[in-house]
Amino acid sequence: QVQLVESGGGLVQAGGSLGLSCAASGSILSINAMGWYRQAPGKQRELVALITNVGSTNYADSVKGRFTISRGNAKNTASLQMNSLQPEDTAVYYCTANVRTIATTALNDYWGQGTQVTVSS
């Protein structure tokens, strides 16, 4: 069993900054990649940013230059620093991790419960 716990988020004015954190715990053998997705009301869930276990990153075009994803030294945590936030960034943000558990050699994706980010104009 793997759990992802997110923290951060909240309400901020346009142009402001927020940080999100995610910690993975449980029967983890290794984590291949961690990332963040978001889902706005009435829209599909979309990729925000991903980071691999060797530090390679991938960002949605809409957040490039504004958001930065990073992994903790323990490699089971990930953070998303969001700057220059805009109302269109308003969404529920979900942490995800591609995890190999102790019980199996297969990689599976796990998700956090989501945290709300609201940007007011």
> So which pairs qualify, if the first residue must be in the stretch 106-121 and under 11 Å from L11 (Cα atoms), the second must be open to solvent by 70 Å² or more (accessible area, probe 1.4 Å) and not in a loop (DSSP other than H, G, I, E, B), the Cβ gap must be under 6 Å, and the two must be at least 6 apart or on different chains?
Replying inline: T118/L11; S120/Q13
> Just for the stretch 49-66: of the residues that are hydrophobic (A, V, I, L, M, F, W, C), more than 14 Å from S21 (Cβ to Cβ) and at pLDDT 95 or above, which one is nearest to the chain's Cα centre (by Cα)?
Replying inline: L50
>> Considering only residues that are aliphatic (A, V, I, L, M) and in contact with a Phe, Trp or Tyr (Cβ under 8 Å, 6 or more places away or on another chain), which ones fall in the stretch 34-49?
In response: L47, V48, A49
> Does R45 fit the bill of being under 28 Å from S120 (Cα atoms), of a type in the set (D, E, K, R) and surrounded by 14 or more Cβ atoms within 10 Å (Cβ to Cβ)?
Replying inline: yes
>> Please verify whether T96 is under 13 Å from A49 (Cβ atoms), of a type in the set (V, I, T) and part of a strand (DSSP E or B), treating the condition exactly as stated.
In response: yes
> Which one is nearest to the chain's Cα centre (by Cα), of the residues in the stretch 28-42 that are surrounded by fewer than 13 Cβ atoms within 10 Å (Cβ to Cβ) and not hydrophobic (A, V, I, L, M, F, W, C)?
Replying inline: P41
> Any idea which of S62, S7, S70, S21 is of a type in the set (S, T, N, Q), buried (at least 16 other Cβ atoms within 10 Å of the Cβ) and more than 19 Å from L107 (Cα to Cα)?
Replying inline: S21
> Of N76, N108, which residue is surrounded by 13 or more Cβ atoms within 10 Å (Cβ to Cβ), modelled with pLDDT under 95, among the polar types (S, T, N, Q) and in contact with a strand residue (DSSP E or B) (Cβ under 8 Å, 6 or more places away or on another chain)?
Replying inline: N76
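The values are calculated or read from the model by the stated rules, or taken from the named source; none is laboratory data. Keep in mind that what you see is a predicted model, and the values were worked out from it rather than measured. Please note: Cβ atoms are built from the backbone with ideal geometry, for glycine as well, and neighbour counts cover all protein chains shown. Note: accessible area is taken over every heavy atom of the protein model, side chains too, but ligands, DNA and RNA are not part of it. Shrake-Rupley method; radii C 1.70, N 1.55, O 1.52, S 1.80 Å.
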